[in-house]
Structures are given as C-alpha cells and as structure tokens.
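To start, the structure under review is shown below, and the notes come after it.
The values are calculated or read from the model by the stated rules, or taken from the named source; none is laboratory data. Computed from a predicted model, the values in this text were never measured in an experiment. Glycine gets a Cβ as well: all are built from the backbone with ideal geometry, and neighbour counts include every protein chain shown. Accessible surface areas use protein heavy atoms only, side chains included; no ligands, DNA or RNA. Shrake-Rupley method; radii C 1.70, N 1.55, O 1.52, S 1.80 Å.
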Amino acid sequence: MSETLERWSTRRAFILAVTGAAVGLGNIWRFPYMTGENGGSAFLLLYIAFVLLLGLPVMMAEILIGRAGRRSPMQALAHLAGQAGATPHWRWLGLFGVTTVFLILSFYSVVSGWSIEYFIESVNGNFVGQTPDEIGASFNAFLADPLRMTFNHTLFLLLTLSVVAAGVSGGLEKLNNLLMPLLYLLLLVLAGYAVTTDGFGAAAAWLFTPNPAAITVSVVLNAMGHAFFTLAVGACALMAYGAYMPDHQSLPKAVAAVAVLDVTVALLAGIAIFSVVFSQGMDPGEGPGLMFVTLPIAFAELPGGAWWLAIFFLLLLLATWTSSINLAEPIVATLQGAGLRRGRATALVGVAVWAVGMLSVMSFSTMADVHWFGEMTFFDLVTTVPTDIFLPVGGLLIAIFAAWVMPRDTVVRALDAGPRGFRAWQATVRFVSIPLVVIVLVSGLL
C-alpha cells in the first residue's frame with residue numbers, strides 16, 4: 001500500500017482529533033470512581049505523574065510510527081521494519097492493536113448506550129423523587145431489558161459509523177472541531193455549578209490536598225494503569241491518526257497539548273461529580289456505580305437537579321461519541337489498506353462490532369448465567385482483558401519498536417523535536433516508560 005494522501009487540515013485539527021480519541025469513559029466515568037476508591041488526592045497526583053512518565057512518551061512513540069509510515073497500522077509497521085532490516089512480523093502488532101480496539105469498541109458502544117438512556121431519563125425528570133433503592137432498581141431493570149439495551153447499542157453505533165464513513169476531513173475532523181469545544185463548554189458550566197454547591201470546599205480539599213498517608217502499592221498500580229488507559233495508547237488507534245498528521249508540526253508540543261486537555265477533562269469532571277456527592281454527604285468510594293446510581297440520587301436532591309443531571313449525561317454522550325469514532329478509524333483504515341473502499345469497510349466494521357457487542361448486552365439478561373474463566377460474564381471479560389492486558393502488551397511492543405528498532409534518522413524526523421529532544425524522549429522511553437509498562441502488564445495479569 002502506498003502512503004495515504006489524507007491529512008488533518010490544521011495542527012489544531014490533529015490535536016482535537018487525538019484529544020477526542022483520548023477523552024471518553026476513562027475521564028468521565030473511570031477517573032472519578034478510581035479516584036474515589038483510591039484516596040482522592042493521593043491517586044490524582046500519582047496519576048498526573050504517570051501521565052508524564054508513562055503515558056506521554058508511549059503516546060509519542062505510537063503517533064510517530066504512524067507519521068513515519070504514512071499508512072494503516074499494519075502497513076506502516078511492515079514498511080518501517082523493512083527500512084530497519086527487522087523482521088516483517090512486526091506488522092502483526094498492527095493486527096493485534098486493531099483486535100484490541102475492536103473488542104474495546106464492542107463494549108464501549110454498549111456502555112455509551114447507557115448514557116443515551118440516562119440522558120433521556122434525566123430530561124424527563126424520572127429520577128426526581130425516587131429513593132436510592134428505586135434508582136438502583138431502575139438501573140438494574142434497564143440492564144436486564146435486552147430490547148432497550150440493544151436499541152441504544154445500535155443507535156450509538158449508527159451515530160459513530162456514520163461519521164467514520166464520511167472520511168477524515170469530511171467526518172472525523174468536522175465532528176471533532178464541533179463537539180470537542182462543546183464538551184469543554186459543558187464541563188465548564190458543570191464545574192461552575194459545582195462551585196456554588198455546599199460540597200465544593202470539601203471536594204476541592206479531598207482532591208487537591210496532598211495526602212501521602214493514603215499512598216499504597218495498590219494506589220500506585222491503579223494510578224499507573226489509569227494513566228496508561230486514559231490516553232488511549234497501545235491499540236494502534238493513535239498510529240492511524242499519526243499517519244494523517246500535518247508535515248510540519250512538533251509532535252512533543254502537540255502531545256503535551258493533548259495531555260493538558262485530557263487531564264483537564266478528568267479534573268473538571270471530578271470537581272463536578274465530587275462536589276455534588278459531598279453536598280449530599282455520600283461516599284465518594286462507591287466504585288463503578290458512582291455515575292449511574294450515586295449521581296442520579298445526589299442530583300435529584302438539588303434544586304434544578306434534573307437538568308444538571310441531563311447536562312452531565314449529555315456531556316458523557318458527547319465524550320464517548322468522539323472517542324468511539326476515533327476507536328473505529330484504525331479498524332476501517334486497516335480494511336482500506338487491504339483494498340476495501342471506506343464505505344464498505346465501515347459497514348463491515350459496524351456489523352462485526354454490533355454482533356460482538358450483543359454478547360455484552362445479553363450478559364445482563366439471557367446470558368447472565370454464562371461464565372468465562374470462573375465467575376466472569378462476557379461483559380466482565382471484554383471490559384477486563386483488552387484494557388488490562390492487551391493495551392499494555394500493545395504499548396510495550398510499540399515502545400520497543402519505536403525506541404529500539406526504528407532507524408534513528410526516521411524517528412528524529414517523525415518526532416520533530418531536534419536532536420536534544422530526541423535523546424530525552426528515547427532515554428525516557430527506554431529506561432522509564434518501558435519498565436513502567438511492564439509493571440502495568442504484570443499487575444493486570446495478577
């Protein structure tokens with residue numbers, strides 16, 4: 001396959017696209033409950049540190065492979081391995097990444113369908129006046145209803161793939177340019193509202209006051225894993241985006257901007273969520289149910305809470321939408337690399353992701369008693385193995401390929417940071433990031 005001719009039209013478009021890929025469930029759903037379970041500020045400060053030491057260097061490695069190869073992930077890896085005189089089997093890393101992102105998208109679509117349901121329920125004011133038990137029961141009833149779950153899963157996939165089918169400039173870039181600023185506007189509105197609540201002071205102190213006593217091995221490992229997960233590295237999705245990167249753009253500066261935007265979303269979401277939770281005297285360590293059970297209870301007790309909750313779930317829907325189109329792109333790009341037209345490739349991806357996603361849908365109803373490797377449902381399996389094991393494996397191999405296999409001159413050109421910047425990046429990846437990725441992988445396996 002020859003080099004792709006598609007490019008992001010501006011540097012800003014590239015930054016918004018990569019931010020759209022990174023910002024999603026990890027920032028608005030996973031970060032708050034992980035922070036709640038891991039001691040607030042102790043987790044937050046470690047998370048930011050590992051974003052700098054682990055997430056950013058590996059993110060640069062993944063993007064520069066795509067930028068240097070200017071092809072789909074499999075084709076780019078094969079081309080660059082050939083330049084380096086290395087084994088052509090490196091191309092299978094591209095297929096591994098595409099498989100990882102395929103599995104993630106299959107459950108991502110299902111969980112994102114929950115945000116559609118909750119947005120509609122919030123607009124209708126259905127949570128107002130309900131007791132905690134009633135809200136919990138309502139959520140469980142929704143999960144157990146395969147028809148409603150299937151409808152939302154299907155609707156979300158259609159929204160996602162209609163954008164991907166329109167191409168890089170006509171679909172992905174236009175949507176990112178529209179929705180990412182809107183997402184930040186909604187976040188700022190919610191954070192502004194949080195400042196007016198009684199729980200803002202307690203939430204800010206809990207999030208930002210250093211608490212070394214709360215740091216444990218578990219907290220360190222969780223912060224490390226989340227820093228890796230939240231930037232969407234390890235699945236070759238960013239490799240596909242690197243192939244469309246403008247020719248004259250500093251990769252470190254672009255990635256630094258993405259990291260700031262990504263962490264900002266997590267911080268603003270945390271402030272908004274925990275201010276409301278503390279206002280109602282609720283426990284911030286409620287775990288994964290924090291968003292879909294605890295938040296509706298908390299907002300229901302506040303003046304105008306139904307509308308604020310609706311804004312929150314609209315925010316979640318927008319974040320997952322931008323993230324999902326960016327997850328689908330490398331799969332479609334791989335099929336294009338095999339000779340398929342974009343429209344047909346997108347349709348095939350949609351049907352396959354929908355079918356696998358249906359196994360997650362049924363995991364809460366007709367397949368609830370079907371278990372894998374002990375007590376895991378299919379939903380448990382597909383939300384654990386790709387994120388906790390496949391992503392670190394992919395990230396580790398990407399880092400090794402970029403820092404140890406690719407020719408030096410090729411990396412220097414793709415990184416666009418000068419000789420000194422290259423040496424700093426290479427040393428960080430080789431002697432800091434790669435060992436940290438190994439720790440993330442081992443902790444996931446254990």
Do any residues in segment 271-289 that are open to solvent by less than 10 Å² (accessible area, probe 1.4 Å) have Cβ atoms under 6 Å from those of residues that are at pLDDT below 80, where the two are at least six apart or on different chains, and which pairs are they? V276/A298; V277/A298
Restricting attention to segment 133-164, the residues that are aromatic (F, W, Y), open to solvent by 20 Å² or more (accessible area, probe 1.4 Å) and free of Cβ contacts under 8 Å to residues at least 60 places away in the same chain number exactly 1
Consider T99 carefully, then state whether it is among the β-branched types (V, I, T), out of contact with any helix residue (DSSP H, G or I) (no Cβ under 7 Å at 6 or more places or on another chain) and open to solvent by 40 Å² or more (accessible area, probe 1.4 Å). yes
Which one of the conditions (1) of a type in the set (D, E, K, R); (2) in contact (Cβ under 8 Å) with a residue 12 or more places away in the chain; (3) assigned to a helix (DSSP H, G or I) does D198 fail to meet, given that it meets all the rest? (3)
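Please determine, by comparing only the residues of segment 118-127 that are assigned to a loop (DSSP other than H, G, I, E, B) and at negative phi, which one is most open to solvent (accessible area, probe 1.4 Å).
N124
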Any residue that is acidic (D, E) and surrounded by 14 or more Cβ atoms within 10 Å (Cβ to Cβ) - is there at least one of those in segment 327-340? yes
Every residue from segment 165-197 that is within 23 Å of A345 (Cα to Cα), open to solvent by 40 Å² or more (accessible area, probe 1.4 Å) and polar (S, T, N, Q): S169
If A352 satisfies every condition in (1) hydrophobic (A, V, I, L, M, F, W, C); (2) surrounded by fewer than 18 Cβ atoms within 10 Å (Cβ to Cβ); (3) over 30 Å from L436 (Cβ atoms); (4) without any contact (Cβ under 8 Å) to a residue 24 or more places away in the chain but one, which is the exception? (4)
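So which helices (runs of 4 or more DSSP H) are wholly in segment 317-420 and hold at least 3 residues that are under 30 Å from Y184 (Cα atoms)?
342-362, 378-385, 391-400
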Any residue in segment 426-441 that's exposed (fewer than 15 other Cβ atoms within 10 Å of the Cβ): show its pairings with residues that are in a helix (DSSP H, G or I) at Cβ separation under 6 Å, as long as the two are six or more apart or on different chains. V432/L53
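Could you list, in sequence order, all residues of segment 77-91 that are part of a helix (DSSP H, G or I) and either under 15 Å from D409 (Cα atoms) or open to solvent by 30 Å² or more (accessible area, probe 1.4 Å) (or both)? Let's see the steps before the verdict.
So the first thing to find is which residues in segment 77-91 are part of a helix (DSSP H, G or I), and the list is 77-84, 88-91.
Those that are part of a helix (DSSP H, G or I) and either under 15 Å from D409 (Cα atoms) or open to solvent by 30 Å² or more (accessible area, probe 1.4 Å) (or both): A78, H79, L80, A81, G82, Q83, A84, P88, H89, W90, R91.
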Looking at this structure, is G85 out of contact with any strand residue (DSSP E or B) (no Cβ under 7 Å at 6 or more places or on another chain) and more than 22 Å from V258 (Cα to Cα)? yes
Taking segment 396-425 only, how many residues are of a type outside the set (D, E, K, R), free of Cβ contacts under 8 Å to residues at least 40 places away in the same chain and open to solvent by 10 Å² or more (accessible area, probe 1.4 Å)? 6
From (1) crowded, with 17+ Cβ neighbours inside 10 Å; (2) outside any helix (DSSP H, G or I); (3) not charged (D, E, K, R), pick out the condition that doesn't hold for Q130. (1)
